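Quick notes on the structure that follows.
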Number of protein chains: 2
Amino acid sequence: MKVDVCFSPALYPYYHVDNDNTIVVVVDIFRATTTMCAAFKNGVKSVIPVASIEEAEAYKAKGYLVGAERNVKRCDFADFGNSPFDYTAEKVAGKEIVFTTTNGTQAIETAAGCYRLAIGAFSNISALAEYCNQQGKDVMILCSGWNNRFNMEDSLFAGALAFLLNEKGVELASDAAKVACDMWMQAKPNIRAYIDRTEHIRRLTSNHLADSVEYCLAFDTVSLVPIYDKEKKAIYL
Amino acid sequence: MKVDVCFSPALYPYYHVDNDNTIVVVVDIFRATTTMCAAFKNGVKSVIPVASIEEAEAYKAKGYLVGAERNVKRCDFADFGNSPFDYTAEKVAGKEIVFTTTNGTQAIETAAGCYRLAIGAFSNISALAEYCNQQGKDVMILCSGWNNRFNMEDSLFAGALAFLLNEKGVELASDAAKVACDMWMQAKPNIRAYIDRTEHIRRLTSNHLADSVEYCLAFDTVSLVPIYDKEKKAIYL
């Protein structure tokens, strides 16, 4: 078993991903995948990820609940933005919801053809590590980044998950996986201080959206692993 | 002034590079840019970088001296491979040579339209930092990577150069620039041990090409900055 890390959806085509044998973990810490995990904890039945605003609007017109965000802000037509606190049990339990965000849902689309696509966040990291170990497959951690650019928070998560898997004997497959682990070792004593240097904290703060940062960085508040069903094009538990 | 880092030519389109105002430093530590710096030290007049084997063969047929490498090995038709030791003063002084390598020359092609493209390596890092500071422009360090994938050695160089510029007051522009600097701070006490973990050391060693590793990691063995002339499509001092 090997674990690899891809720092951007734009780099994904250059990495070896065996579509019959690799679990791809998609991560967007701030905030798409953290938010999806929160929605599943609150009982959402399924999340239909769509890459474009147009698709999300079409679902809205058909009566679906829709979460839609671009450049950290909620889209006007949508029921929810991209904050994990928006998706309360009262609003989402038992529902199918549609979801589109600046980076995370694009990353899902990029890897949709893989053997199995799992949704990862700090909030479900231990459940995810356990899931990957049980499956016994190679793992590729795909960072959503920011408009295809490298970002610290997704890469840090990749390092944390790679580290957990490596502790169980899974090999680090590449330079990227090793550097991500180094990032994790450096950040571990004070994750918040490490993350306070990121570009995205500035974006969230300047849009008065920093309230979810602590939640997005907290480990194991959720013990479930959402999985993308490529036939149904939706995410389920 | 800002310094940014792009970890792969495939990510370059997603970064803001002002073609009137940004110096792009292309780096391929193992070994294209280190080798170019060595060739200039040994008196080469110019290096014509070409992206494809076919172009290099066409130049060879016209009588040019040609350096050509793919997947660490010298191409059969070529006069030189990609080792800095191939380009001795006896062979290259006063000559125009043609050069194609797996990653470095592709990276040059990617950024060829920029305001100014400089060739960077550990061997000319201080001269390069001084050059960038004198120019007073923003700097983008473009890592050649390996087949568009992230690699440690080019990113480490990017961190070292960003660190030198940052010490002189140049701002780190992005998460990527900050992580590259962190890599440099971690590696600095023992660069060789840090680099011995890379994928590329394994490639060089298994092809009996590890003899140039020490040279490629040595600082300031050259005090010149090769610059790409976009009109002439060749690199000069």
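Over chain B, DSSP H runs of length four or greater, each weighted -39,500 (n - 2.57), average out per residue to a 222 nm ellipticity of -10500 deg cm²/dmol. Taking the C-alpha atoms only, the angle from helix B:175-187 to the longest principal axis of chain B is near 80 degrees. Using a 7 Å projection from Cα along Cα-to-Cβ, the label point at A:GLN135 is separated from the same position in the remaining copies by 4.5 nm, smallest value first.
Remark: for residue pairs B:LYS137/B:LYS232; A:LYS95/A:LYS233; B:LYS45/B:LYS168; A:LYS73/B:LYS168, the C-alpha separation exceeds 25 Å in B:LYS45/B:LYS168; A:LYS73/B:LYS168. Each copy carries B:PHE77; placing its label point 7 Å along the C-beta direction from Cα gives inter-copy distances of 5.5 nm, listed from smallest up. The mean number of partner chain beta-carbon atoms within 10 angstrom of a residue's beta-carbon across peptide B:195-203 is 2. The GNM of chain B, with springs linking C-alpha atoms under 10 angstrom apart, assigns the highest mean-square fluctuation among B:ALA180, B:ALA68, B:ALA218 to B:ALA218. Each other copy holds its own label point for B:ASN190; taking that point as 7 Å from Cα along Cα to Cβ, the gaps run 2.6 nm, nearest first.
Could you work out the relative contact order of region B:2-224, using alpha carbon pairs under 8 angstrom and six or more residues apart, expressed as a whole percent? Answer for region B:2-224 is 34 percent.
Peptide A:174-184 has a mean shielding of 6, counted as Cβ atoms of other protein chains within 10 Å of each residue's Cβ.
Within chain B, antiparallel bridges make up roughly 25 percent of the DSSP beta bridges whose residues both belong there. Considering only A:ASN124, A:ASN151, A:ASN71, the mean-square fluctuation computed in a Gaussian network model of chain A, springs between alpha carbons under 10 angstrom, is largest for A:ASN71. The phi-based Karplus calculation (6.51 cos²θ - 1.76 cosθ + 1.60; θ = phi - 60°) puts the 3J(HN,Hα) values of region A:84-101 at x, 6, 5, 9, 6, 4, 4, 8, 10, 4, x, 9, 8, 10, 9, 9, 9, 9 Hz, whole numbers, x for Gly and Pro.
The GNM of chain A, with springs linking C-alpha atoms under 10 angstrom apart, assigns the highest mean-square fluctuation among A:THR205, A:THR102, A:THR221 to A:THR205.
Throughout, read-outs are computed from the coordinates displayed, never taken from laboratory work. Since the model is a prediction, treat every value here as computed from it, not as a measurement. FYI the Cβ positions are ideal-geometry reconstructions off the backbone, even for glycines, and counts take in every protein chain you see.
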